[in-house]
Amino acid sequence: MSDQKPNEFEQANQQEQPGLVREFVAFLGENKKFWLIPLLLALLAIGALLILGSTAAAPFIYTLF
């Protein structure tokens, strides 16, 4: 069994695995799902506001609204 050449599936396993961001960008490009980009950016902005709202930066954020 060890003297067999690895098949395509086994060769793909031996390659370096892409990161989450690179894999997501490849997904967007391959499936033409570019409309997800603004949605993702909005979710990231809301998450950043929630995190910063509980820190010392909160008074500066509240003045924006």
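Being acidic (D, E) and open to solvent by 100 Å² or more (accessible area, probe 1.4 Å) is the filter; apply it to segment 1-12 and report the residue that is modelled with the highest pLDDT.
In this case the residue turns out to be E8.
Count, please, the residues in segment 45-65 that happen to be touching a residue at least 12 places away in the same chain (Cβ under 8 Å) and among the β-branched types (V, I, T).
1
Within segment 52-65, how many residues turn out to be surrounded by 10 or more Cβ atoms within 10 Å (Cβ to Cβ) and under 26 Å from the mean Cα position of the chain (by Cα)?
So the count comes out to 4.
Out of L28, L20, L44, L39, report the one residue that is under 14 Å from the mean Cα position of the chain (by Cα) and open to solvent by less than 70 Å² (accessible area, probe 1.4 Å).
It is L28.
Against the definition (in a helix (DSSP H, G or I), aromatic (F, W, Y) and either modelled with pLDDT of 85 or more or open to solvent by 100 Å² or more (accessible area, probe 1.4 Å) (or both)), how does F34 come out, yes or no?
no
Could you give me the residue pairs with C-beta distances under 8 Å whose first residue belongs to segment 33-44 and is within 17 Å of E23 (Cα to Cα), whose second residue is open to solvent by less than 100 Å² (accessible area, probe 1.4 Å) wherever it lies, and which are 6+ apart or on separate chains?
Note: pairs meeting the criteria are K33/F27; F34/L28; L36/L28; I37/L28.
Exactly one condition in (1) of a type outside the set (F, W, Y); (2) open to solvent by less than 100 Å² (accessible area, probe 1.4 Å); (3) over 15 Å from the mean Cα position of the chain (by Cα) is false for Q15; which is it?
Among (1) of a type outside the set (F, W, Y); (2) open to solvent by less than 100 Å² (accessible area, probe 1.4 Å); (3) over 15 Å from the mean Cα position of the chain (by Cα), the lone unmet condition for Q15 is (2).
The values are calculated or read from the model by the stated rules, or taken from the named source; none is laboratory data. Because the structure is predicted, anything quoted here is derived from the model rather than measured. Methodologically, a virtual Cβ is constructed for each residue, glycine included, from the backbone with ideal geometry; neighbour enumeration extends over all protein chains shown. Calculation scope for accessible area: heavy atoms of the full protein, side chains included, ligands and nucleic acids excluded. Shrake-Rupley method; radii C 1.70, N 1.55, O 1.52, S 1.80 Å.
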